[in-house]
Amino acid sequence: MKLVVVNYYQANIHRGLETYVRELTSRLHHNLQTDVWSSNSARLPTSLFPRVLHRLFLTPTDLSILTFYLYQIPKLLQVRPDFIIITNCGWHLLFYRLLTFILDIKLILIGQSGPGWDDRFNLLLAPDVFICLSPHQQLWAKSVFHWPGTLLPIIPNGVDVKKFYRASPIMTKQSHPRVLCVAATIPSKNIFAVIHGVASHPHASLTLLGDGPLSGSIDVEGRSKLKSRYLRLTVPHEDIAPYYTASDIFILISDSSEAFGIAYLEALAAGLPIVATDDELRRFIVGDCGVFISSWSTPQEIAIALDQALKLPRGHRWQADLKKQLQNFSWDTISDKYMQLFHQLKHS
């Protein structure tokens, strides 16, 4: 069996999506032929565009993605895989839905965008499979229009538990408690609120790992509010684990439109208490190992939540809760679920 995974950004960008593609394909290649197609010139947008351009998939980035996918069509006709996973949304999917139908290739789309416009578009195209990352997302997918022939299995993202648990902490001069946030610098991650919340704590420092269109303004705010207690870095994912184990607590209070959040799993694997957005998705991921607050919390409420998370019992009960929570998200478990899906599709 042959599998092709297409992600425009895979070669140059380091986010949760790229981690998903790399970790999944590295495990699946033992059982089937896998190939990853990506652009060598892909870059994240450096500025924000009007919502109407995003919804029509007409931003400069969307048009670059469309061009990239059109250039891959001859390759698709030559390779003719059994399955193709497409991770980017846009007008190219119209061409690929038609081609996969004609060539009898199973089209698999992943709910990495989160409930909203992009995944509605994905469901409208009637893929053979739409992977839901959580029970909440599956309920949402069933509530919007989707074709009866589209499978909606729940297969969450995963984490390499050993990599994060065993990592030696990186040396840093940041003051304790050390707060870690791993996120792209985009509006939906609510990083300004995190900065203000950490600034309301008398001693906490903030390490932000991520990049994006708001990096400049976020750096200005971070240095203004936190002075030397603020640090932002762009770190390749293979080097990120020591930053988790060097921290005391993890925080990410993204909007509820976020699809998943692999960084939560990485924090759990490193044994960190978590402050997360209070919604069904985050409670599904974090379980009993964190404190949940609104993404619109005040700086004082965020500071209180940080203290509450730091005071969570860390004994045998904590370790048992962590182990139980992470069992559902190990990449070995996730890759087995994908193999079961591929066998089901192959024989359907």
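Residues are listed down the side, and each one gets a yes or a no for (1) on the phi < 0 side of the Ramachandran plot; (2) in a loop (DSSP other than H, G, I, E, B); (3) in the same structural domain as Gln137 (by TED's automatic domain parsing):
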{"residue": "Pro213", "(1), (2), (3)": "yes, yes, no"}
{"residue": "Ser217", "(1), (2), (3)": "yes, no, no"}
{"residue": "Lys227", "(1), (2), (3)": "no, no, no"}
{"residue": "Tyr243", "(1), (2), (3)": "yes, no, no"}
{"residue": "Glu258", "(1), (2), (3)": "yes, yes, no"}
{"residue": "Gly271", "(1), (2), (3)": "no, yes, no"}
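So which of Arg43, Arg22, Arg27 is part of a loop (DSSP other than H, G, I, E, B) and under 30 Å from Ala267 (Cβ atoms)?
On the way: Arg22 fails: part of a loop (DSSP other than H, G, I, E, B); Arg27 fails: part of a loop (DSSP other than H, G, I, E, B).
Just one listed residue meets the conditions, Arg43.
Taking the conditions exactly as written (small (Gly, Ala, Ser), out of contact with any Pro (no Cβ under 7 Å at 6 or more places or on another chain) and touching a residue at least 24 places away in the same chain (Cβ under 8 Å)), does Gly216 satisfy them or not? Before the answer, list the steps.
On the way: small (Gly, Ala, Ser): yes; out of contact with any Pro (no Cβ under 7 Å at 6 or more places or on another chain): yes; touching a residue at least 24 places away in the same chain (Cβ under 8 Å): no.
So Gly216 fails the test.
Mind listing just one residue for me: the one in the range 274-288 that is of a type outside the set (Val, Ile, Thr) and surrounded by 23 or more Cβ atoms within 10 Å (Cβ to Cβ) and, of those, nearest to Val182 (Cα to Cα)?
It comes out as Ala276.
Residues being at pLDDT below 90 and within 13 Å of Asn88 (Cα to Cα): count how many of those fall in the range 21-43.
Total satisfying the criteria: 1.
Would you check if there is a residue in the range 129-149 being aromatic (Phe, Trp, Tyr), over 22 Å from His54 (Cα atoms) and in contact with a Phe, Trp or Tyr (Cβ under 7 Å, 6 or more places away or on another chain)?
No: zero hits.
Could you tell me whether any residue of the range 78-90 is at negative phi, in a helix (DSSP H, G or I) and surrounded by fewer than 20 Cβ atoms within 10 Å (Cβ to Cβ)? Can you show your working first?
Looking only at the range 78-90, we keep the residues that are at negative phi, and these are 78-79, 81-89.
Those still in the list that are in a helix (DSSP H, G or I) too: 78-79.
Next, from what is left, pick out any that are surrounded by fewer than 20 Cβ atoms within 10 Å (Cβ to Cβ): 78-79.
Yes, there is a match, as at least one residue in the range 78-90 is at negative phi, in a helix (DSSP H, G or I) and surrounded by fewer than 20 Cβ atoms within 10 Å (Cβ to Cβ).
If you take the residues in the range 129-138 that are assigned to a helix (DSSP H, G or I) and in contact with an Asp or Glu (Cβ under 9 Å, 6 or more places away or on another chain), which one is farthest from Ala259 (Cα to Cα)?
So the first thing to find is which residues in the range 129-138 are assigned to a helix (DSSP H, G or I), and the list is 135-138.
From what is left, the residues that are in contact with an Asp or Glu (Cβ under 9 Å, 6 or more places away or on another chain) are 135-137.
Details: Pro135: 12, His136: 10, Gln137: 8 Å.
Filtering the range 129-138 for residues that are assigned to a helix (DSSP H, G or I) and in contact with an Asp or Glu (Cβ under 9 Å, 6 or more places away or on another chain), the one farthest from Ala259 (Cα to Cα) comes out as Pro135.
Could you tell me which numbered condition Gln340 fails, if it satisfies all but one of (1) in contact with an Asp or Glu (Cβ under 7 Å, 6 or more places away or on another chain); (2) without any contact (Cβ under 8 Å) to a residue 60 or more places away in the chain?
(1)
The values are calculated or read from the model by the stated rules, or taken from the named source; none is laboratory data. Note that this is a predicted model, so its numbers are computed, not measured. We place every Cβ from the backbone using ideal geometry, glycine too, and count neighbours over all the protein chains shown.
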